[in-house]
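Okay, so here's the structure we're looking at.
The values are calculated or read from the model by the stated rules, or taken from the named source; none is laboratory data. Remember, predicted model here, so these are calculated numbers, not experimental data. Backbone-built Cβ (ideal geometry, glycine too); neighbour counts: all protein chains shown.
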Amino acid sequence: MSGNTLGLLFKVTTFGESHGPAIGAVVDGCPPGMHLSVEDIQPELDRRRPGTSRHVTQRQEKDQVEILSGVFEGITTGTPICLLIRNTDQRAKDYDNLSDTFRPGHADYTYWHKFGIRDPHGGGRSSARLTAPVVAAGAIAKKWLKEKFNTQIRGYLAQLADIAIPFDDWAHVSGNPFFAPNTTSMSALENKMDSLRKEGDSCGARIHVCASNLPVGLGSPLFDKLDADIAHAMMGINAVKGVEIGAGFASITQTGSVHGDELTPEGFASNHAGGILGGISTGQDITVAIAIKPTSSIRIPRRSIDKDGQAVMVTTQGRHDPCVGIRATPIAEAMLALVLMDHALRHRAQCADVHVTTPIIPARID
């Protein structure tokens, strides 16, 4: 199977399956000399970890990361960094009745036709469990970007099902299990999730993620545009069905006089472009939104077929998130960090000696 690696200079390859003995990532291209320990990575994994509230899957995985290589006496050596996360709470028996059938909305059908074999336990390689090593790798990128540019990458849940979640303050995001940016939406969100769990159904979500304090110039036209690579990475997250950069689909109804971000000596007058022009970062905040589909593993009986093409009814048991979007915020942050670090290294490799006379204007007008 190909397609397990993201990045050009900062490359991340994930491995493992949902119910295998372990999952992990190999991070190649991290510059030497950066202090790195488990303590730099574990907090990000704890944010994504399952079983942290009644609203998410109750699979109890501690997601303790181990650094197997690439670090000597607490310092990155420039060699591949291997990150390992052991699976400790697999329940393969929950999937015994699915070995010969295809779950609607899952990769069962396509994996079977592409490879002629599949692991039905928790989705195997196609499971969202594989986002854990992505988050671990993203923690490395986050730290490097913070040290080099003071970059801050943050995200929040902007909508769950039909419930729009107004942004109030970043301070609220870490204080609730939804990564919601306010306190007034909690009751509606909890009631929605309790109702879905009782019904055995699921819903989708919208996540917003933002990167602040980045240099101008990241991105390589034409086909390695920064926004193109961001979209590519975000679509690599399980269940993501849509990506917006900046104004996104709202730009359809905007006029050119509104959408085009005017430049002034004091800074950009707006940021409809999401911090990227011509595929290259402007120094403004990079803003991304992703749409996450409803969880496909639900208890409501659904029509499907078996391997012989015969009609069957499928009911998915086991422990599943009624909305995978609840735990997706750290994943989206990690993906954005991985792309930004890769492009920062690419820019340094080709254009480190470029100097222009026009001053860099402030990132935004407050």
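Quick rundown of the values:
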{"item": "Flag if C203 is within 22 Å of E333 (Cβ to Cβ), touching a residue at least 40 places away in the same chain (Cβ under 8 Å), under 24 Å from the mean Cα position of the chain (by Cα) and not in a loop (DSSP other than H, G, I, E, B)", "result": "no"}
{"item": "Scope segment 216-241; condition over 18 Å from G275 (Cα atoms) and of a type in the set (S, T, N, Q); matching residues", "result": "N238"}
{"item": "Residue count, segment 282-340 (criterion: assigned to a helix (DSSP H, G or I) and touching a Gly at 6+ places or on another chain (Cβ under 6 Å))", "result": "6"}
{"item": "Those residues of segment 3-48 which are among the small types (G, A, S) and either more than 15 Å from R86 (Cβ to Cβ) or surrounded by fewer than 17 Cβ atoms within 10 Å (Cβ to Cβ) (or both), in sequence order", "result": "G3, G7, A22, G29, G33, S37"}
{"item": "Among residues of segment 239-271, those that are more than 22 Å from the chain's Cα centre (by Cα), buried (at least 18 other Cβ atoms within 10 Å of the Cβ) and assigned to a loop (DSSP other than H, G, I, E, B), counted", "result": "2"}
{"item": "Segment 54-66 - residue that is buried (at least 19 other Cβ atoms within 10 Å of the Cβ) and at pLDDT 75 or above and, of those, nearest to E17 (Cα to Cα)", "result": "D63"}
{"item": "Residue check for G123: touching a residue at least 12 places away in the same chain (Cβ under 8 Å), farther than 23 Å from E333 by Cα and part of a helix (DSSP H, G or I)", "result": "yes"}
{"item": "Residues located in segment 149-175, provided they are loosely packed, with under 15 Cβ neighbours inside 10 Å and either small (G, A, S) or part of a helix (DSSP H, G or I) (or both)", "result": "A164, W170, A171, S174, G175"}
{"item": "Every pair of residues 6+ apart whose Cβ atoms lie under 6 Å, when the first sits in segment 207-230 and is within 16 Å of E333 (Cβ to Cβ) while the second is of a type in the set (K, R)", "result": "C210/R154"}
{"item": "Residue list for segment 313-331, filter: among the aliphatic types (A, V, I, L, M), surrounded by 14 or more Cβ atoms within 10 Å (Cβ to Cβ) and touching a Lys or Arg at 6+ places or on another chain (Cβ under 8 Å)", "result": "V314, I331"}
{"item": "From the options V258, V288, V216, residue that is among the hydrophobic types (A, V, I, L, M, F, W, C) and under 22 Å from Y156 (Cβ atoms)", "result": "V288"}
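Quick grid of which residues meet (1) among the β-branched types (V, I, T); (2) farther than 26 Å from K62 by Cα; (3) at pLDDT 95 or above:
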{"site": "M1", "(1), (2), (3)": "no, yes, no"}
{"site": "L6", "(1), (2), (3)": "no, no, yes"}
{"site": "V12", "(1), (2), (3)": "yes, no, yes"}
{"site": "F15", "(1), (2), (3)": "no, no, yes"}
{"site": "G20", "(1), (2), (3)": "no, no, no"}
{"site": "P32", "(1), (2), (3)": "no, yes, yes"}
{"site": "S37", "(1), (2), (3)": "no, no, yes"}
{"site": "D40", "(1), (2), (3)": "no, no, yes"}
